Every structure is written in C-alpha cells, then in structure tokens.
Amino acid sequence: MDVAFIDDDEILRAANVQALMLAGLTVAPFGSAQAALDAIDPTFTGVVVSDVRMPRIDGLELFRRMRKVDPELPVILITGHGDIAMAVEAMREGAYDFLAKPYAGDRLLGSIRHALEKRRLVLENRELKRAAEAAGEEFPLLGADPAMERLRQTLRQLADADVDVLVEGETGSGKEVVANLLHRLSHRSTRPFVAVNCGALPETMIESELFGHEAGAFTGALKKRVGRIAFANGGTLFLDEIEAMSPALQVKLLRVLEAREVIPLGANEARKVDIRVVTASKIDLRELVRADKFREDLYYRLHVAAVRIPPLRERRSDIALLFGHFLAHAAKRFRREPPLVGRPVLDRLEAHDWPGNVRELMHYAERVALGLVDPPAATAVLPDTSLTLPQRVEAFEAEQIRAALATAQGDVQATVKALGIPRKTFYDKLHRHGIDQNAFRPAGRA
C-alpha cells in the first residue's frame, strides 16, 4: 500500500484518491483518524496523508498518535489557511510535509513520491538491522542460504573428527574463518591455532618458519628457533595459499603429514608432533596437479576431507544480511551511530558481483559507516509537456535545489550561497517541493 488518505469530507476524499490512483499509486481511503489508526501498524509500507480539520481526532493529534505507532512513518498534512501555524508546529515535531489549500495535484504527488522513497529506505534499513541481530555472533559463518547451512553442518561434523581438511574458496571468502572455527569446535580448542600464509613468506624464509632451525644451521641462525609446526603441537596448523608452496617444500610437508614428525633445519633427529592440519587454496588444486605444478600424492593426503565456501555471487540473498552485520560492527568500532543506508548503497548491494567476496563487502560496509560513500545524486526532473509553464518552472526550481544540495552534500550554508537566496526562502522552497535535505548528506553525518 502506497498511501493512507484520511479526510472526513467524502467528496474531497474520493477526488484525491482517484487522482492518486490515476498516477499509479495504491491508496487506502479512511473517513476518520480512528479508522486509520486501527488499520496502520509499524509494518505499513506507505505514507499517511491527512486533512487537519476533522471531528474527534484532528490531523495534528493523528500525527502525534502515528508517531507512537512508528516515529519514522511519513505523515503529510493538508491544511486550510488558518491551520498553517498548526502545520508548521507539526513539521517541527517531525511531520514530513504540509500542503496549504488550494494545492496543485502535482505538488501532493511529488511530496508523496519523495516520502515513499524515504519510507522504503527506512524499512530496508530496519530489515538489514534485524537480519544482523538475528544472525548473532554464536556462529561466525553468517548466512541463511542453504549452501551456508550445509557448510555449517559439515564443519560441525568434521570439527572433532581430527582429520586433516582442505578448504577451497575464492579470495576473501573466509577460509581462515572456517579453519579457526574447525579449531574452536574441536577438542584442540585450548591449544594453539597457528596460521601461516604460504604465499606471503619469501621462499628463503618459509622452510625455517615452518620447520624451525638449530643454532648455527645457516648463516645468521644465532639462536635455536621453534618452527610453526612444532609450535602448533596439540593444536591446529592452518596453511593458507598452499598452492604457493615450492615442490621441494611440498615433499617435506608430505612427510610431516604422513609421519606426524618434523626435522628442524640443522637437526639430526625427527621430533613427534600432534597436530591437525587445515590447508586452504584459492585455486583448484586438481588443476595444478594436472599441470604438474602440485604433487599428486600431497593433494590426496590433504584431501582427506574437503569443504568449499561458496562465493557471494552464488548466495546473493545473504549479501544484505552480511552487510547489516558488518555495518553495525563498523559503526560500533568507529564510535558512530549506524547510518541510514541510501538508495545508491542498496542498489550496489543488489547489482555488484563482489569478486572480493566477504572481505570486499566488509570493507565496503566500513566505508559506509565512515561516510566515505558518495552521497545520493540529484534527481533530475525532466520537462513534462502536459504541465503548464508555471508548473514547469516549479519542477525546474526543485531540480536546481536538489542539484545544489547534492553538490554541497546537504550543507545548508553552502547551498544557500550557491543558489543566492535567503535561508528562510530556502526552507520555504524545501517544504513546497517536498525535498528532504538530509538525504543529500553523507552517511553518518548529522
């Protein structure tokens, strides 16, 4: 439902309802304020338009009661000349707009359309917040998509089985999160979780990092060093980007996996280790095996159990949920109120393919929380040949005000200066055109 239209005058109510329906809006007419109050709740997706002068409950009292139903429900008041002071007071209390009789039909329609867009944004932001709260933090792999539920179930089954696991997933999909979760859910959770990115360490260092070395094992080895494998004893060793490991190192890793023992550089004796090994690759290791770039015996040793993390583009229904979760956390971390998410952000969430997956989405949410995302662009009003010349002038004026607001990012002083009009005139024109200056301010800025 787009509009709840309230007027005790049956003829005026019918005429307005017909005009709005001809404009493509769905309208629910009400002959009294009480009837509207009985029908409208916080899930109402539309806008309330009400006459001020009505018996028993007038428009101003209706507005105040509607604010108790939902403080962010847009209410547009229609006033006679003698009621303008009352309507201005209602605007100060939070009414969306008021129209003085007689008013042009396009004036009402324009105000309703802007209020509807604001209402949709409010409801979509609430849905993002609800989804994030419902997800909670008990299980870090968020998502309601069936593929994510299967992944969570698989991890629960594998966690305490103490088998080595290969995690497959694209860049930014959360492979370390999965590895850490396998560790946390296992009986090894009180022992170390040691993560090594094989692609980030120089080839000259990775062997020493993994296996450790004795003092004097090579030039510069002044002290004995415990390697990551030995340090993970009793816990979990996570080897990310395993595809970057050199062939020589692959041979040594295979021995660790098969014998569960490690020989530090410069040592003569092997040392037993009790570890669970979780490896991850952003490239299909089977393709590397076929190309003779990865050892086949190591691949099958790593592939005792395998889990695949689906990319975001395969579970688009989870994007809004994840974004809401990341936005709330980012706002808390930056000590800011979570911003109202505008239409450009919501459109990006729906249209973008997110090649960087969850990591890219998280960083985008952080930019939104910091107000670094571009403000909404000015909405151009194209000339309508069915309009009279005064109506076209009004439309052009509204377009220029929106453009100036967009350029100034909602800053009133800069906008007034650019337009060359007094501040009072500026506010009068905002009311007349149904323009919300806050919509042009960067997210997070009051």
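A Gaussian network model of the chain, with springs between Cα atoms under 10 Å, assigns the largest mean-square fluctuation among E117, E72, E258 to E258. Exposure check, 1.4 Å probe, all protein chains in place: E203 carries approximately 140 Å² of accessible surface. Of A320, A195, A248, the residue with the greatest mean-square motion in the GNM of the chain, using alpha carbon springs below 10 Å, is A248.
Estimated from helices alone, the mean residue ellipticity of the chain at 222 nm is -14500 deg cm²/dmol (sum of -39500 (n - 2.57) over DSSP H runs with n ≥ 4, per residue). Free of any trypsin sites (Lys or Arg not before Pro) that DSSP assigns to a loop and that have at most 10 other C-beta atoms within 10 Å, the longest stretch within the chain is 57-222. For the chain, the residue among I309, P71, F238 whose Cα projects farthest onto the positive side of the dipole built from Cβ charges is F238. Mind checking which aspartates and glutamates have their C-alpha under 19 Å from K101, skipping anything on the same chain fewer than 8 residues away? K101 reaches D7, D8, D9, E10, D51, D58, D83, E89, E394, D428. Available extension along the chain between V177 and R156 is 6.2 nm, counting 0.36 nm per residue and deducting the alpha carbon span.
What are the GluC sites (Glu not before Pro) within the range 262-318 that DSSP puts in a loop, where the Cβ has at most 16 other Cβ atoms within 10 Å? Here the GluC sites (Glu not before Pro) that fit, given the DSSP loop and packing criteria, are E269. Of all the options P146, P74, P311, the one that moves most in a Gaussian network model of the chain with Cα springs shorter than 10 angstrom is P146. DSSP assigns beta bridges within the chain; of those with both partners inside it, close to 10 percent run antiparallel.
If exposed means no more than 16 neighbouring beta carbons inside 10 Å and the site is in a DSSP loop, what's the longest run of the chain without any exposed chymotrypsin sites (Phe, Trp or Tyr not before Pro)? Don't skip to the end; give the middle numbers.
Numbers: sites that count: Y103, F218, F334.
For chymotrypsin sites (Phe, Trp or Tyr not before Pro) (loop position, at most 16 other Cβ atoms within 10 Å), the longest site-free span of the chain is 219-333.
Pull up the cross-link candidates among the aspartates and glutamates for K223, meaning alpha carbon to alpha carbon under 17 Å and not fewer than 8 places away within one chain. Within the straight-line limit of under 17 Å, K223 reaches these aspartates and glutamates: E207, E209, E214.
A convex hull fitted to the Cα coordinates of the range 148-192 yields 75 cubic angstrom per residue.
Computed over the chain, the quotient of the alpha carbon radius of gyration and 2.2 N^0.38 Å is 1.40.
Taking every alpha-carbon pair under 8 Å whose residues sit at least 6 apart, the chain reaches a relative contact order of 14 percent. Taking a span of 24 Å or more along the helix axis (Cα atoms) and a mean Kyte-Doolittle hydropathy of at least 1.0 as the rule, no DSSP H helix of the chain qualifies.
Rounded to the nearest 20, the size of the Cβ-charge dipole of the chain about its Cα centre is 1200 debye, with Lys and Arg at +1 and Asp and Glu at -1. Pairs over the 21 Å Cα-Cα cut-off, from the set K118/K424; K175/K252; K68/K429; K224/K272: K118/K424; K175/K252; K68/K429.
The values are calculated or read from the model by the stated rules, or taken from the named source; none is laboratory data. All figures in this text were calculated on a predicted structure; none of them were measured in a lab. Cβ atoms come from the backbone with ideal geometry, glycine included; neighbour counts cover every protein chain shown. Heads up: the accessible areas ignore ligands, DNA and RNA and are worked out on the full protein's heavy atoms, side chains in. Shrake-Rupley method; radii C 1.70, N 1.55, O 1.52, S 1.80 Å.
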